[in-house]
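Each value in this text was obtained by applying a stated rule to the coordinates, not by laboratory testing. Since the model is a prediction, treat every value here as computed from it, not as a measurement. Cβ sites come from the backbone with ideal geometry, for glycine too, and all protein chains shown count toward neighbours.
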Amino acid sequence: MTLYWMSGQIDSWKIRIALEEKQLQGYKSIMIIRSDYIDKNDNFWKDNEYGIIPSLRIQDITLNGVLPALLFLETSIPSLLPEFSPEEKALVLQRAFESLKFQRICSEDLIDYFFSLDNFNPLFVDRELREKREENLFFELIRWNDYITQNSMDSIAYTSFTLADILFFPDLALAVRFGLSLDYFSHLNNYYETLSKRPSIHKTWPYHWLHTTHTYSWLSNITRFCKLYEKQLESTSNISIHQNMDDNIELLTESFEETKSPI
């Protein structure tokens, strides 16, 4: 078995965590800096004409991208889904694929947006767009914080670590690396601290994250929504955050439009 992967790429990290959880150590591990640096005759390009990373090879099978690889591993070597309850298995799969929305809202809409700016210059930031996307992330974090209260502190969808955690945790860790504070989201904070120490995650933690002093503050503004949100919740005591999220999103949006200040 061979894995082509990239340090710091979240999809690569997810597959490496899964391989550790399934105790599939000893595979050939090839870390790639950039796919366009790879010779066109290299085996990396076999059945991978688009140069997708990560790419997992198992004998004559090629699996390009995180979802095909994870689903193939799970169907071949089960261990990351509840075995005896269809309802619990369905919930884990639901959370696993919901995590793709979190990835879009956090990584694609915000982090990738900042990367796209010329020299990361804040002068080029569309303030209205940034505010809207930060607001979306704030409410998405509330949603996931609420999910954890329904389970244990080390799982997002079940009483133990599952496929859903493999898909969700690395994106949460990326958000923290880019300045997100979890102080307001106490359950997510406990979840993050607990899983950071899990052997499969700790062992595969992105190498350059451990060996760089560079820090980011791109997501540090998210918690500025907290006080405004709490104010809107004063009239909804004894009602679950999750059940009333849509109503409060509307309330917050209206108030924020009246009180927002330049970034």
Legend entry - Residue exposure sequence - ASP42, ASP118 - by fewest surrounding Cβ within 10 Å: ASP118, ASP42
Inset, instruction - Would you work out the relative contact order for the chain, in percent, from Cα pairs under 8 angstrom that are 6 or more residues apart? - result: 20 percent
Legend entry - From phi via Karplus (6.51, -1.76, 1.60), per-residue ³J(HN,Hα) for the range 38-52 in Hz, x at Gly/Pro: 8, 4, 5, 8, 5, 4, 4, 7, 5, 6, 8, 5, 8, x, 6
Inset, instruction - For VAL125 and ASP42, compute 0.36 nm times the residue count separating them, minus their Cα-Cα distance, and round to one decimal in nm. - result: 25.9 nm
Legend entry - Computed helical MRE - 222 nm, the chain, DSSP H runs ≥ 4 contributing -39500 (n - 2.57), nearest 500: -15000 deg cm²/dmol
Legend entry - For the range 150-200, diffusion coefficient by Stokes-Einstein and Kirkwood Rh (Cα), 10 °C, 1.306 mPa s, µm²/s: 143 µm²/s
Legend entry - Residue order, fewest to most surrounding Cβ atoms within 10 angstrom, among TRP13, TRP218: TRP218, TRP13
Legend entry - Nitroxide proxy distance, nm - points 7 Å out along Cα→Cβ at LEU228 and GLU83: 5.0 nm
Inset, instruction - Please tell me which of these pairs span more than 24 angstrom C-alpha to C-alpha: LYS14/LYS203; LYS14/LYS46; LYS22/LYS197; LYS14/LYS227; LYS46/LYS89; LYS132/LYS197? - result: LYS14/LYS227; LYS46/LYS89; LYS132/LYS197
Inset, instruction - Write down the radius of gyration of the range 1-125 and its Dmax, each obtained from C-alpha positions, in Å. - result: 17.1, 54
Legend entry - Normalised convex hull volume, the chain, alpha-carbon set, Å³ per residue: 145 Å³
Inset, instruction - Let me have the relative contact order for the range 2-76, percent, based on Cα pairs under 8 Å that are six or more residues apart. - result: 38 percent
Legend entry - C-alpha center-to-center spacing [the range 197-224, the range 141-164] in angstrom: 20 Å
Inset, instruction - Could you work out the per residue convex hull volume over the alpha carbons of the range 2-76, in cubic angstrom? - result: 87 Å³
